[in-house]
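The block underneath contains the structure these notes are about, expressed in structure tokens.
Here, each number is a calculation from the coordinates, and none is a lab measurement. Please read all numbers here as calculations on a predicted model, not as lab measurements. Cβ coordinates were reconstructed from backbone atoms using ideal geometry, including for glycine residues, and neighbour counts include every protein chain displayed.
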Amino acid sequence: MPESPDADELARARFRGKRYTMAAFVTFAAVFVGWSAVQVIRGVFGLGVPALAARGARGGQLEGADRPVPLQGDCARGLARLSGAVDRGVARASPARDEAEAATAFRLALSPEWDGAADVEGLCSAQPQGRDAYAALMRFSRAGEGYARRQGVELAPLRREVAEYLPP
């Protein structure tokens with residue numbers, strides 16, 4: 001039975017529909033893969049991310065034009081107080097007998113200055129480079145706590161050994 005012209009036209013329309021659907025799907029997939037590749041490349045190679053300031057050979061000091069602008073006012077005073085509290089926390093944690101005691105001593109020594117850390121963050125975020133300065137303070141605080149914990153763990157056995165030789 002020969003096919004009617006309507007059936008032939010219907011088959012061609014179905015074929016065109018399949019072709020357009022496949023073209024749309026392939027286009028969508030290609031755009032998705034391309035955009036994903038761009039995102040991965042940007043993440044891996046750090047494209048579009050502002051570069052960190054280059055550190056000089058003198059103990060990590062920034063040199064020349066890369067040197068940050070000194071902060072002023074309440075932000076600078078707040079950062080100095082918080083930084084001093086971190087130093088105090090490391091010193092207070094040094095006689096700890098274990099890691100948990102060192103961490104507790106460190107955190108307790110941060111008060112009262114660190115009770116107002118959110119206020120200092122707010123003051124600093126209003127200044128140029130204030131957020132960078134506050135981020136540097138947070139890195140210093142985390143490193144100080146880590147140092148205090150390690151110090152407690154590493155010195156505890158030696159402290160116990162020395163204590164064995166001391167009178168009760």
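Brief remarks on what is shown
- Compared with the dominant Cα axis of the chain, that is its longest principal axis, helix 99-109 is turned about 80°.
- Here's the picture: charge each Lys and Arg Cβ at +1 and each Asp and Glu Cβ at -1 in the chain, and of 26, 151, 105 the one pushed furthest to the positive end of that dipole is 26.
- Relative contact order for the chain: 21 percent, from Cα pairs under 8 Å spaced at least 6 residues apart, divided by residue count.
- Among [x] 61, 36, 31; [y] 114, 46, 35; [z] 139, 31, 23, the entry derived from the coordinates for Cα extents along the principal axes in Å: [y]
- Estimated dipole of the chain in Debye, rounded to 20 [Cβ of Lys and Arg +1, of Asp and Glu -1, Cα centre]: 300
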